[in-house]
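Here the structure comes first, spelled out in structure tokens, and everything after it is commentary.
Bear in mind these aren't lab numbers, they're just calculated from the coordinates by the rules spelled out. Owing to the predicted nature of the structure, the values given are computational and were not obtained by experimental measurement. Please note: Cβ atoms are built from the backbone with ideal geometry, for glycine as well, and neighbour counts cover all protein chains shown.
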Amino acid sequence: MKFIAKFLSVLFFPLFMPVYGMFLLFSLRIFSFYPKEYIWKAYITIFMFGVMIPLTCILILYMLKIISSIGLEKQKDRFLPYFCTSISYFVCAWALFQQYMPTFVSELVIAAAVALLICTIVNIWWKISAHMTGIGGLLGGMLFVSHQFHINPYHWILATMFVCGMVAAARLYLNAHTPGQVIAGLLNGALCTMIIPSLNLGCRLSV
């Protein structure tokens, strides 16, 4: 059971969430008319700014002994990696906008950056769950897109809700968080990705 909990924690590590999110987005019919080269360019951008750069920052901080583990298990290790990752997300949103992706895609990445900034600040006092913030962001993003474009990708929404429950159970089983920290993380991610894209920030990215 412990192995399964750890496996889920690694599989749904927060740094992987942007890639999963883009996969969910690009699987929808609204992107079916986009050229494959266009989609792959967006994937590369997401992978670079959402995974590689944050992971590199974590590795450098670990090598410099600024943080004690790559997994960021300790609360005190999380501030700098979280902050660097959120900045990388903001740059990613700008890069996607420059690639002429639909503005809501950049807005969803901005929402993820804001959710992570909230985690960064809250984590100073309280170990809010970044895992649940990430998976909550996926769920909130799917709900936003569903409402915005009047579509019903119910299979993805149900699957994401199921994963939310599995990841929450895994984090609780590993004693990584309290129930309150898990719920707070879920709400943080879901609310940010549902509300922030609704503010139509995309038009400001080009300023």
Over what distance in Å are the Cα centres of the range 1-61 and the range 75-125 separated?
13 Å
Can you give the angle from 0 to 90° between the axis of helix 53-63 and the longest principal axis of the chain, with both taken from C-alpha atoms, to the nearest 10?
20 degrees
Hey, in the GNM for the chain with a 10 angstrom Cα cutoff, which one of His155, His131, His177 fluctuates hardest?
His155
The chain, helix-only ellipticity at 222 nm - DSSP H runs n ≥ 4, -39,500 (n - 2.57), divided by all residues, nearest 500
-22000 deg cm²/dmol
How much length is gained if the chain between Phe13 and Ser32 is pulled fully straight, taking 0.36 nm per residue apart and subtracting their Cα-Cα distance, in nm to one decimal?
4.0 nm
Multiply the residue separation of Tyr154 and Ile60 by 0.36 nm, subtract the distance between their alpha-carbon atoms, and state the gained length in nm to one decimal.
29.8 nm
Can you list the lysines whose alpha carbon sits under 29 Å from that of Lys76, skipping same-chain ones fewer than 8 residues off?
Lys2, Lys6, Lys65, Lys127
Under a Cβ-only charge scheme (Lys and Arg +1, Asp and Glu -1), can you give me the dipole magnitude of the chain about the Cα centre, in debye to the nearest 20?
340 debye
What is the order of Phe31, Phe12, fewest Cβ neighbours within 10 Å to most?
Phe31, Phe12
Can you tell me the dipole magnitude for the range 61-164 around its Cα centre, using point charges on the Cβ only (Lys, Arg +1; Asp, Glu -1), in Debye to the nearest 20?
340 debye
For Rg/Rh (Cα atoms, Kirkwood Rh), several values are listed as (i) 0.93; (ii) 0.96; (iii) 1.03; flag the one computed from this structure.
(ii)
Taking Lys and Arg as +1 and Asp and Glu as -1, residues besides Thr85 with C-beta under 14 Å from its C-beta add up to 0
Most exposed first by the Cβ proxy, i.e. fewest other Cβ within 10 Å, how do Lys65, Lys74, Lys6, Lys127 rank?
Lys65, Lys74, Lys6, Lys127
For the chain, the longest principal axis of the Cα atoms and the Cα long axis of helix 130-148 enclose an angle in degrees, to the nearest 10, of 20 degrees
